[in-house]
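To keep things clear, I will list the structure first and then write my remarks on it.
The values are calculated or read from the model by the stated rules, or taken from the named source; none is laboratory data. Keep in mind that this is a model prediction, so the values were computed, not measured. Note: ideal-geometry Cβ built from the backbone for every residue, glycine included; neighbour counts use all protein chains shown. Keep in mind that these areas ignore ligands, DNA and RNA; they rest on the heavy atoms of the full protein, side chains included. Shrake-Rupley method; radii C 1.70, N 1.55, O 1.52, S 1.80 Å.
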Amino acid sequence: MARIPDPDDHRRQFAALDLAQRRAIVRAVNRGVAVDKRKHAPLAVVIARRQMRLWRWAWLLGPVIGLVQITAGWQAALLNALIGTTMLGLVARFWYLRASRAEAANLAFAEGRGRGRPTKDVSRPAGRGRPRRRARG
């Protein structure tokens, strides 16, 4: 099993990396894929879990938006709260699922169970997919 660093250890290890490596780790987590280097995979797992914790509760900002606008009337505040909750819920779900995909891929990569990154399907040639039919006659 891969060793996931505790928060203090993670901060120290992440701060020791240069800017390009830090950006590569965060970019991989935001894309929902494994990092390029196996030694960075535990750091990416911690970042993915942090993002999942954020997006798990981000949808609650929708009702707050409605409460702030209560001076415009309760119907407008209710409508804004419903729209805000729905939109933030959809955005939060999208980023939460990406972070959970990144966590799973980086855990697998850190444990040595493969790359974790989806590979290209080489069974089908690149191009249009189906060959053209020749005209008869």
Item checked: With DNA, RNA and ligands ignored, accessible area of residue 98 (1.4 Å probe; Å², nearest 10) -> 60 Å²
Note to self: Could you give the length gained by full extension between residue 82 and residue 113, i.e. 0.36 nm per residue of separation minus their alpha carbon distance, to one decimal place?
What the structure shows: 6.8 nm
Next item on the list: Extending each Cα 7 Å along its Cβ direction at residue 95 and residue 13, get the distance between those two points in nm, one decimal.
Entry: 2.4 nm
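How high is the relative contact order of the stretch 1-77, given as a whole-number percent (alpha carbon pairs under 8 Å, six or more residues apart)? Each step should come with its number before you reach the end.
Values: 42 pairs, mean separation 19.2, N = 77.
Relative contact order for the stretch 1-77 comes out at 25 percent.
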Margin query: Placing +1 on the Cβ of each Lys and Arg and -1 on the Cβ of each Asp and Glu in the stretch 1-100, which of 94, 58, 72 has its Cα farthest towards the positive end of the resulting dipole?
Written below: 94
Item checked: Theoretical gain in end-to-end length, residue 23 to residue 64 [0.36 nm per residue, Cα-Cα removed] -> 11.6 nm
